[in-house]
1. Under 10 Å, Cα contacts only: if you run a Gaussian network model on the chain, which one of 80, 24, 140 comes out with the highest mean-square fluctuation?
2. Under a 10 Å cutoff between Cα atoms, tell me which one of 137, 107, 116 has the largest fluctuation in the Gaussian network model of the chain.
3. Quick check: from the Cα gyration tensor, does the stretch 96-135 come out rounded (a/c under 1.5), prolate or oblate?
4. Tell me what the chain gives for mean residue ellipticity at 222 nm when only DSSP H runs of n ≥ 4 count, each as -39,500 (n - 2.57), the sum divided by the residue total, rounded to 500 deg cm²/dmol.
5. Using 0.36 nm times the number of residues separating residue 64 and residue 97, minus their current alpha carbon distance, what extension gain do you get?
6. Antiparallel as a % of all DSSP beta bridges within the chain, to the nearest 5?
7. Which aspartates and glutamates have a Cα less than 15 Å from the Cα of residue 110, not counting those fewer than 8 places away in the same chain?
8. With a length cut of 18 Å (Cα positions projected on each helix's long axis) and a Kyte-Doolittle mean of at least 0.0, go through the chain and give me the DSSP H helices that pass.
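Since every read-out is calculated from the coordinates, none of them should be taken as a lab result. It should be emphasised that the depicted structure is a prediction, and the values quoted were computed from it without experimental measurement. As a convention, Cβ positions derive from the backbone with ideal geometry for all residues, glycine included, and neighbour counts pool all protein chains shown.
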Amino acid sequence: MTRILGIDPGSQRTGVGIIDVDAAGRVTHVFHAPLTLLAAGDFPRRLRLLVDGLTALIVEHRPDEVAIERVFMARNPDSALKLGQARGAAICAVVLRDLDVHEYAAKEVKLAVVGKGGAEKQQVQHMVGLMLGLSGKLQADAADALAVAITHAHVRASAARLGVNVRQAWSRK
């Protein structure tokens, strides 16, 4: 059994989702939640909340691998910079616990989970709920984090079948 932590980084809310994957590639839901960062007074303290929250999750749930969504280019440069800083803080929290980070673009995650790279958020939420047998509507950031973890589980399984590493299985080069 392999435990995967998925992270959907954000400067106001960071989604986290944890799944277990068995040797046959079946995924099981363990945990999901948004880490709400707005309670902090300023942006640097939000990053501190993010690092502390991820560290606590890693200590409690002990993931074996971590997958994180890559930053997309937003129209607002300030928002893109803050998102990049939040992503950097999340990566630091993970590597400080000696875990490898696997990165996936939003289009890759949507393609892996929904079958269409341009899928809507609601489609991702719906498919994640179906795949993990969850009832009720999922919070968007947490659903995205679970989708990143599921994507990594699928890529891991494909890589194992092909006899290559994860980077080779997903690379287009």
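1. 24
2. Fluctuation is largest for 137.
3. Values: a/c = 3.16, a/b = 1.50, b/c = 2.10.
In terms of gyration-tensor shape, oblate.
4. Working: 6 runs with 87 residues, N = 173.
Calculated at 222 nm, the ellipticity per residue is -16500 deg cm²/dmol.
5. Gain on extension, residue 64 to residue 97, equals 10.8 nm.
6. 65
7. In chain and number order, the partners are 8, 69, 120, 141, 144.
8. Result, helices passing both filters: 43-61, 77-95, 140-162.
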